[in-house]
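The values are calculated or read from the model by the stated rules, or taken from the named source; none is laboratory data. Values in this document were obtained by computation on a predicted structure and should not be read as measured data. Positions of Cβ are generated from backbone atoms using ideal geometry, with glycine treated the same way; all protein chains shown enter the neighbour counts. Just the protein is used for accessible areas: all its heavy atoms, side chains included, with ligands, DNA and RNA removed. Shrake-Rupley method; radii C 1.70, N 1.55, O 1.52, S 1.80 Å.
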Amino acid sequence: MKEARRQFRAIKGTRDILPPDTALWNWFERTAREVMEAYNFAEIRTPIFEGTELFARSIGVETDVVAKEMYTFPDPLDLDQIVKLAGESGRRPRQPQFDAEATQARLWDVLPADQLVTLRPEATASVCRAYIEHGMQTRPGDQKLYYVGPMFRRERPQKGRYRQFYQIGAEVLGTSDAPAIDAELIEMLTVLIGRCKIEKWTLLINSIGCTNCRPKYVELLRAELRKPEILSKLGPDSQRRVETNPLRVMDSKLTEEQPIIETLPKISEHLCAECREHYDKLKSELALRRVPFTEAPRLVRGLDYYMRTTFEITSPVLGAQNALCGGGRYDGLVEMLGGPAGIKGIGFALGEDRFIDAIVEAKKIDAARAVDVFVAWMGEKAYPEAVRLARVLRDAGRAVELPAKEMKFGKAFERAAKIGARYVLILGEDEIASKRLTLKRLADGVQERIAEGELLEHIRAVANDKTNTSPR
Ligand code: HAM
């Protein structure tokens, strides 16, 4: 009996992005790069996986990201060593690499964190690690870095939320924490949103204080949360966080906890004088740049490294997962990771998957890349000419489809129309004998006989039109 064929599918929460959709993704990435480079940001590329401890320490062990969502595994190369180590510690795991029950939690329990690697759930920690590793503080001025790439979080998949998703982010690292830096970064994001012609969006801003004022606020929050009438209404995660990290209760996503969160003291009302001044200046800097904002006094964000400025841009067109992007200031993170003292940082990351949804919804960008010329050839003598002319056109930057096999002209026209070609270059016996080419414009069916010398001119004219009307 024939063995049933297994059909492989993409893993839950991951997906394939296919043409023609990839054209819009590429357009968006090109546009984002252009905007960020106009603000003098330069690209940094860091590895897709890092030591688990880097994320645990930067993002915080009590965050959902670290506690529940990281793809963590023992580095296969070091497995023997790990098993030996774990054995020595008396906590030997059962074949961690093959044991289906060896869950993330158990890996964490049995293996020392420095033996584990994690697929990056975000890139700020990696950028700070790279900044320290390469002594980038010795380079002149602020380091303004951007990145583009996949991130991994084991969240419950839904529209706009994936386990492999794509972020474009930017970070500014240096010795200054001037609110103008925060405002310029936010302005840059709004410029990008404008280029994408996304009209419905809201910028939410807040300040979550510093190491000076936040501990006092956290105590106040904890005291409030410990009140039996409040504590009893919280779920087990939040109840635990009241003791371990009460700020995390503020960004709980549970609907039933939202009414309680609404009643909690607002961090922005407990800022020290320096933080208040920083926040006020941020607001005037945004006003100077004509960036409209809404204050969100309970916006603390889901990662532990933030201080002072936090922000998010949401869009109602996105549904439940409405955050297009988010970010904030993280002065002190570089030092906490073992880097030089006094380095300040601020950055954001935007969800590409969500931007693409918002761009599609706005219906203002057409990034489709059309084929310029379909070469229809018939006959042995026409074929070498078809190969040669296709090359001439491609060298001149035109997109050309050259059928590998001879096709009747009628069929070739059909195919050309189906793939959206603008022109068909016809090469048959007549054309070879007369050394004149036939060029058919598919939009209106107009057919012309031209000399080879005129070919590029004809095609170029159309190509220019196209770049004027669509953002290639
Ligand atoms: P984040 O808020 O965790 O921040 O993520 C930023 C953006 O990534 C979100 O606003 C959302 O658009 C997108 N995103 C997050 N998770 C998913 C998911 N599962 N599926 C689809 N999109 C998602 C950070 O990652 C920080 N590193 C931002 C930052 C940079 N802060 C300072 N510098």
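A few notes on this one:
The rows are residues; the columns are (1) closer than 30 Å to I132 by Cβ; (2) free of Cβ contacts under 8 Å to residues at least 24 places away in the same chain; (3) acidic (D, E).
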position	(1), (2), (3)
E224	no, no, yes
T255	no, yes, no
K266	no, no, no
H270	no, no, no
A273	no, yes, no
R289	no, no, no
P297	no, no, no
T310	yes, no, no
L318	no, no, no
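- I11 vs. criteria farther than 30 Å from N245 by Cα and either at pLDDT below 90 or open to solvent by less than 60 Å² (accessible area, probe 1.4 Å) (or both): no
- None of G174, G209 is in contact with a Phe, Trp or Tyr (Cβ under 9 Å, 6 or more places away or on another chain) and more than 10 Å from the ligand (Cβ to nearest atom) except G209.
- When the criteria are applied in full, A412 fails the requirement of being over 25 Å from P19 (Cβ atoms) and either in contact with a Pro (Cβ under 9 Å, 6 or more places away or on another chain) or surrounded by fewer than 15 Cβ atoms within 10 Å (Cβ to Cβ) (or both).
- For the range 242-256, filtering for residues that are more than 29 Å from the chain's Cα centre (by Cα) and surrounded by 15 or more Cβ atoms within 10 Å (Cβ to Cβ) leaves 1.
- The residues on offer are P228, P236, P179, P215, and the sole one that is more than 13 Å from the ligand (Cβ to nearest atom) and either surrounded by 20 or more Cβ atoms within 10 Å (Cβ to Cβ) or of a type in the set (V, I, T) (or both) is P179.
- Scanning the range 264-298 for residues that are surrounded by 15 or more Cβ atoms within 10 Å (Cβ to Cβ) and not in a loop (DSSP other than H, G, I, E, B) returns I267, S268, H270, C275, R276, H278, Y279, K281, L282, K283, E285, L286.
- Looking across the range 334-355, just one residue is more than 9 Å from the ligand (Cβ to nearest atom) and open to solvent by less than 10 Å² (accessible area, probe 1.4 Å), and that is V334.
- Tally, over the range 170-203, of residues that are under 30 Å from K364 (Cα atoms), of a type outside the set (D, E, K, R) and touching a residue at least 60 places away in the same chain (Cβ under 8 Å): 15
- Residue match in the range 448-465 (condition: at pLDDT 95 or above, within 28 Å of K363 (Cα to Cα) and in a helix (DSSP H, G or I)): no
- Every test in (1) touching a residue at least 40 places away in the same chain (Cβ under 8 Å); (2) under 39 Å from the mean Cα position of the chain (by Cα) is passed by L442 save one, and that test is (1).
- The condition of being away from the ligand (no atom under 16 Å from the Cβ), under 21 Å from the mean Cα position of the chain (by Cα) and crowded, with 16+ Cβ neighbours inside 10 Å holds for only one of I365, I359, that being I365.
- Across the range 161-171, the qualifying residues are those that are more than 6 Å from the ligand (Cβ to nearest atom) and open to solvent by less than 10 Å² (accessible area, probe 1.4 Å), and the one among them that is farthest from T14 (Cα to Cα) is A170.
- Extreme residue, farthest from K435 (Cα to Cα), among residues of the range 377-391 that are touching a residue at least 40 places away in the same chain (Cβ under 8 Å) and open to solvent by 50 Å² or more (accessible area, probe 1.4 Å): M378
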